[in-house]
2 protein chains.
Amino acid sequence: MANRKYITYNEVHKLCQNAAPKILSEWKPSLMIAIGGGGYVPARILRSFLKTPGSPNIPIQAIGLSLYEKLATDGPEEAAGHTVTRTQWLDFSAVKQSDLVGRNILIVDEVDDTRTTLQYAVQELKKDVEEAAKLMGREGEETRFFVFVLHNKDKPKKGALPDDMMKEGRYLAAETVGDEWCCYPWEATNIDEHDRLANEAALKKVTAKPNGN
Amino acid sequence: MANRKYITYNEVHKLCQNAAPKILSEWKPSLMIAIGGGGYVPARILRSFLKTPGSPNIPIQAIGLSLYEKLATDGPEEAAGHTVTRTQWLDFSAVKQSDLVGRNILIVDEVDDTRTTLQYAVQELKKDVEEAAKLMGREGEETRFFVFVLHNKDKPKKGALPDDMMKEGRYLAAETVGDEWCCYPWEATNIDEHDRLANEAALKKVTAKPNGN
C-alpha cells in the first residue's frame with residue numbers, strides 16, 4: 001500500500017506563498033486557470049500572493065476535469081487507459097480572445113499524478129488559443145502556458161507536457177514526492193487528527209538518524 | 001475601524017463539516033455553484049462532506065462575480081451603488097438543462113456582506129433555469145435554490161434574497177457575525193501570525209467574564 005502523506009492547510013498555504021515570487025517575477029501571468037476541484041484551493045491562495053498593490057487581482061477561470069479510469073472490461077487490455085471529461089471550461093463570454101493570445105497563462109492544480117489531466121488541459125487550451133489567434137489574425141504571437149502544482153509524484157507518467165514547457169522551466173511543482181498517497185486537508189474527515197498525523201510525520205523526519213539509531 | 005475577525009483554515013473546514021449533514025439530509029443538492037474566488041475553498045471542502053459512499057461527487061460549477069463599488073463621482077449620489085460583473089458563468093456545454101430544471105441547487109460563497117452578489121447570483125441563475133424549463137416544456141417544475149455561506153454579517157443589506165428562500169430555510173450561514181472584517185486564511189500574508197491572532201481572540205472569548213472581572 002502506498003505511503004500516506006498528510007498535508008495541512010497551512011503547508012498548502014506556504015507552498016503557494018513560496019512559489020509566488022518566482023511566478024510573479026519570471027512568469028508574469030495575466031490569467032490563472034484552476035483545474036477543479038483540486039486546483040480551487042491553491043489557485044485561490046495563489047491569487048492573494050500574486051496581487052500587486054495598485055493592480056487588480058489576476059482573474060481566475062475555473063475549469064472542471066474528471067479523470068475516468070477505463071476499465072479493462074470495456075475492451076482489450078491494451079485499451080485500458082484514461083479518459084478526461086470536461087465538466088466546465090473557459091467562459092468565452094467573459095474571456096476575450098485578447099485575454100488569451102500572446103499572454104502568459106498559468107494553469108494550477110493540486111497534484112501531478114499520472115499527468116493525464118494536465119496534458120489534456122494544456123492541449124485543449126492550446127487549441128483554443130490557436131483558434132483565437134487565427135480569428136484575430138495574430139497567429140505569429142507566442143502564448144505561453146505555465147503549470148503550477150503543489151506536488152509532483154516522481155513516477156512514470158501516462159501523460160506528457162510540451163517539451164518546450166519543461167525545457168524553458170514553465171513547470172513548477174512546489175514539492176516533488178514519491179508515489180505516495182497525497183492526503184489533502186480538504187478531504188480530511190477529521191482535520192485535527194489529520195494535522196496530528198502530518199506533524200508526527202514531520203517530527204519523524206527531523207529526528208530520523210541516517211544510521212537508524 | 002471595524003473589528004477584525006481572524007478565521008483559520010481548520011475553522012473553515014469545521015464550519016463546512018458541521019453544515020454538511022443538514023445540507024445532505026434536508027437540501028439534497030444535485031449541483032453546487034461556487035461563487036469565486038471566495039467560494040472556491042468552502043465549496044471544495046463541502047464537496048468532501050457531501051459525498052456519499054457509492055455515489056459520485058456532487059458536481060461543482062464555478063462562477064466568477066466581481067463587485068464594483070460605483071464611485072459617487074460617476075454620477076449623482078443617489079446612483080452610487082454596486083454593480084456586479086460576471087467573470088465566469090455556468091458552462092452550458094457541460095451543464096444540461098435537465099441538470100437544472102426541477103433540481104436542488106446549492107450556491108456557496110464565503111461571506112454574505114451586503115448580499116448584493118448573492119442576490120445577483122440567485123436572480124441570474126433563476127433566469128437561466130426558467131429559460132431551460134421553457135425550452136424543455138417543464139415550466140411547472142420547481143427548481144429550488146439554496147445558499148450556504150461561512151459567515152453572514154448582521155447588518156443592513158443592500159441586496160435581497162427571495163422571500164420563500166428565507167421563509168423555507170433555504171439559507172444557511174455557518175456563523176452570524178457583527179459588521180466585522182472577516183480575515184480569511186487564504187488572504188493571510190503570514191499564516192502563523194494569522195492563526196496566533198485567531199487563537200488569541202478565541203482565548204479572550206473563553207476567559208471573558210460577563211461582569212468584566
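Our Cα-only numbers for region A:147-192 put the radius of gyration and Dmax at 13.5, 42 Å.
Sequence neighbours fewer than 8 away in the same chain don't count; with that in mind, list the lysines whose C-alpha is under 28 Å from B:LYS205. Leaving aside lysines fewer than 8 places away in the same chain, those within reach of B:LYS205 are B:LYS5, B:LYS14, B:LYS22, B:LYS153, B:LYS155, B:LYS157.
Compared with the dominant principal axis of the Cα atoms in chain B, helix B:191-207 is inclined by about 70°. The other copies place their A:SER93 label points at 1.5 nm from this one, listed shortest first, where each point is 7 Å from Cα along Cα→Cβ.
Pull up the DSSP beta bridges for the protein assembly as shown and report the antiparallel fraction as a percent, rounded to 5. It would help to have the intermediate numbers written out before the result.
Values: 12 of 64 bridges.
Close to 20 percent.
Across region B:4-212, the relative contact order, built from alpha-carbon pairs under 8 Å that are at least six residues apart, equals 25 percent. Distances between equivalent label points of B:LYS155 across the copies, with each point positioned 7 Å along Cα→Cβ, amount to 4.8 nm, shortest listed first. Please work out whether region B:91-213 counts as rounded, prolate or oblate from its C-alpha gyration tensor, where a ≥ b ≥ c are the square roots of the eigenvalues and a/c under 1.5 means rounded, while otherwise a/b larger than b/c means prolate and anything else oblate? Judged from the Cα gyration tensor, region B:91-213 comes out prolate (a/c at least 1.5, a/b above b/c).
Taking 1 over the mean of 1/r across every pair of different Cα atoms in the protein assembly as shown, what Kirkwood radius in Å do you get?
Numbers: mean 1/r = 0.0429 Å⁻¹.
The Cα-based Kirkwood calculation yields 23.3 Å.
Please compute, for peptide B:137-146, the average count of beta-carbon atoms on other protein chains lying within 10 Å of each residue's beta-carbon. Don't skip to the answer; put the middle values down first.
Working: counts 0, 0, 0, 0, 0, 0, 0, 0, 0, 0.
Partner-chain Cβ atoms within 10 Å, mean over residues of B:137-146: 0.
Quick one: what do you get for region B:4-212 if you divide its Cα Rg by 2.2 N^0.38 Å?
Values: Rg = 18.7 Å, N = 209, 2.2 N^0.38 = 16.8 Å.
Ratio of Rg to 2.2 N^0.38 Å for region B:4-212: 1.11.
Assuming R0 = 45 Å, what is the FRET efficiency of B:ARG196 and A:ALA2, from their Cβ-Cβ distance, to the nearest 0.05? Don't skip to the end; give the middle numbers.
On the way: r = 35 Å, r/R0 = 0.78.
That pair, B:ARG196 with A:ALA2, gives E of 0.80.
If R0 is 35 Å, what FRET efficiency do you get for A:ASP164 and A:MET136 from their C-beta distance, rounded to 0.05? Here the calculated transfer efficiency is 0.95.
For chain A, take the longest principal axis of its alpha carbons; what is the angle in degrees between that and the long axis of helix A:40-50, to the nearest 10 within 0 to 90? Approximately 70 degrees, to the nearest ten.
Straight-line reach from B:LYS96: taking Cα to Cα under 23 Å and skipping same-chain neighbours fewer than 8 places apart, the lysines in range are B:LYS28, B:LYS51, B:LYS126, B:LYS127, B:LYS134. Seen against the Cα atoms of chain B and their longest principal axis, helix B:9-22 is set at about 50 degrees. Among B:163-176, A:31-44, the peptide with the highest mean count of other Cβ atoms within 10 Å heads the list, and the full ranking is A:31-44, B:163-176.
At 222 nm, what value in deg cm²/dmol follows for chain B if DSSP H runs of at least 4 each add -39500 (n - 2.57) and the sum is divided by all its residues, to the nearest 500? Working shown, then result.
On the way: 6 runs with 72 residues, N = 213.
About -10500 deg cm²/dmol.
Distances from A:ARG196 to itself in the other copies, using label points 7 Å out along the Cα-Cβ axis, amount to 2.6 nm in increasing order.
Computed from the coordinates by the stated procedures, all read-outs in this text should not be read as laboratory data. The model shown is predicted, which means the values in this text are computed figures rather than measured ones. Every residue, glycine as well, gets a Cβ built from its backbone with ideal geometry; the counts of neighbours run over all protein chains shown.
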